[in-house]
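Below you'll find the structure, written out as C-alpha cells, and then a few comments.
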Amino acid sequence: MTENIRIADDEHGTETERQLVWRAESVGFAALDINDAELMHGWRSDPVAAHQIGIWPRPLTAVRERIERDIEDDDRDDFLILSPDSIPVGYVALTSQNIVNGTAQVELMLAARHRGHGYGTAALDAMVDLAFGELPMYRLTAETHTDNAPALTVLAKSGFTQEGISRAACLHRGRRHDLAVFSLLRPEWEELARPRAWEA
C-alpha cells in the first residue's frame, strides 16, 4: 500500500512530495529519507527526548551519516510518523529484524510539541500491526528508562508486557539508569480487541 502525499513542514512552511507506505486511523508512515536529517537532528537535540530515550545531541552531519547507514541496513525499517494532516510528528523504527527467528525491536520518538496527543500509542499500534500483519514477526521487544512514564504508559496501552529490568544498563549525564524491558508476542497481539491499521 503506497500513495503519494504532500508532507507539510510546519516549522518552515514548505511541502515535499513523499510516499505514504503505511496508514492507520490517526497516523501514517513515510520511509525516513536522508533529507529528514535536519528534522531528526532537531528532535534528538530536545533535552527531554535525550534523557528519556538515552541519546545525546549529535552534529547534523553525524545524524545525516547515521540515517544514510540505517537506510542501507536490511535489518531495519525507519519511518517518519505523520499526523492526519501530513505533518511529521515523530519517528518510529523496527530494528534488529531477524526474519528466521521472527524477532525485532521497536524504537519510538515524538517531537516535543506533538507529545501528549495520542500519536505515540497510535504509531506503536500501527508499527505492531505492520510487524505482525505484514511481516513474519513473532516477538517484538522495546526498552526504555524505568522513569520514562510516558513511554511506559504507551507500551502498556499497546499490549506490551514488562519482562524485567536491565539494571544500570544506560549511562546518561553521569548517572546510571535502569532499563525496563518489554515484549509483545504474536498470539497476544491477535487477542487485542482493537481495530488493525489496515481497517482504517
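The values are calculated or read from the model by the stated rules, or taken from the named source; none is laboratory data. Just so you know, these numbers come straight off a predicted model, no measurement behind them. Backbone-built Cβ (ideal geometry, glycine too); neighbour counts: all protein chains shown. Keep in mind that these areas ignore ligands, DNA and RNA; they rest on the heavy atoms of the full protein, side chains included. Shrake-Rupley method; radii C 1.70, N 1.55, O 1.52, S 1.80 Å.
At a glance:
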item: Relative contact order computed over region 62-200 (Cα-Cα under 8 Å; 6+ residues apart), in percent; result: 17
item: Residue-normalised accessible area of the chain, expressed per residue, 1.4 Å probe, Å²; result: 52
item: In Å², nearest 10: area of Arg194 left accessible to a 1.4 Å probe; result: 50
item: Percent of Cα-Cα distances greater than 12 Å, calculated over region 95-135; result: 64
item: With 10 Å bins from 0: P(r) over region 54-102, alpha-carbon pairs, percent; result: 21, 42, 32, 6
item: Nearest-0.05 FRET efficiency for Thr61 and Arg194, computed from C-beta distance (R0 25 Å); result: 0.05
item: Where Arg139, Arg76, Arg176 fall by accessible area, highest first, once all protein chains stay in place (1.4 Å); result: Arg176, Arg139, Arg76
item: Mean Kyte hydropathy of 0.0 or more with a Cα span along the axis of at least 18 Å, helices from DSSP in the chain; result: 119-133
item: Cα-based Rg of region 62-176 normalised by 2.2 N^0.38 Å, two decimals; result: 1.10
item: Other-chain or far-sequence residues with amide H under 5 Å of His172's (modelled H); result: His177
item: In order through region 86-93: 3J(HN,Hα) via Karplus (6.51 cos²θ - 1.76 cosθ + 1.60), integer Hz, x for Gly, Pro; result: 6, 9, x, 10, x, 9, 9, 9
item: Region 109-162: C-alpha pair distances exceeding 19 Å, %; result: 29
item: Accessible surface of the chain [probe 1.4 Å, protein heavy atoms]: carbon and sulfur percent; result: 48
item: Charge dipole (the chain, unit charges on Cβ, about Cα centre) - positive-most of Pro136, Pro195, Ser45; result: Ser45
item: Residue of Leu140, Leu171, Leu20 that the Gaussian network model of the chain assigns the largest fluctuation, springs spanning Cα pairs under 10 Å; result: Leu171
item: Size of charge dipole - the chain - debye, nearest 20, with Cβ of Lys, Arg +1 and Asp, Glu -1, no other charges; result: 820
item: For the chain, built as a Gaussian network whose Cα springs stay under 10 Å, the top-fluctuating residue of Pro136, Pro88, Pro59; result: Pro59
item: For the chain, average projected area of the Cα convex hull in nm²; result: 11.0
